């Protein structure tokens with residue numbers, strides 16, 4: 001076998017294996033943090049996550065219970081309860097931190113701001129970023 005066919009064979013093998021590689025996970029886009037209004041006051045803030053310089057995050061959306069993988073609480077974008085799709089509407093999954101799941105449940109249906117720490121890594125929920133919630137407050141809808 002001459003050198004050229006061996007080189008081509010090796011190049012095809014390398015390119016073929018490179019095509020099977022798993023792409024790196026893409027980070028969730030974040031916005032430039034905006035001033036946080038007092039609950040129920042100030043300029044409305046649309047659904048999304050603000051990542052702050054101190055390592056914490058603020059998330060905005062409608063508090064909903066999603067019955068998937070045993071059920072969990074999440075902030076979602078403005079969609080009716082019966083049309084929620086994990087792939088398109090979950091802003092952040094809410095996990096108890098300094099507040100309890102019962103505190104989160106009291107906010108069901110409200111437009112809210114949750115403050116806490118985003119958890120990075122693998123989750124059984126596979127629904128979006130997860131946040132350990134330290135505070136949650138109702139806001140005026142955007």
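Within the stretch 22-80, how many residues are modelled with pLDDT of 55 or more and surrounded by 10 or more Cβ atoms within 10 Å (Cβ to Cβ)? Matching residues across the stretch 22-80 total 30. Residues that are surrounded by 14 or more Cβ atoms within 10 Å (Cβ to Cβ) and assigned to a loop (DSSP other than H, G, I, E, B) were ranked within the stretch 111-138; the one that is modelled with the lowest pLDDT is 125.
The values are calculated or read from the model by the stated rules, or taken from the named source; none is laboratory data. Please read these numbers as outputs of a predicted model, since none were measured by experiment. Using ideal geometry, Cβ is built from the backbone for each residue, glycine included, and neighbour counts are taken over all protein chains shown.
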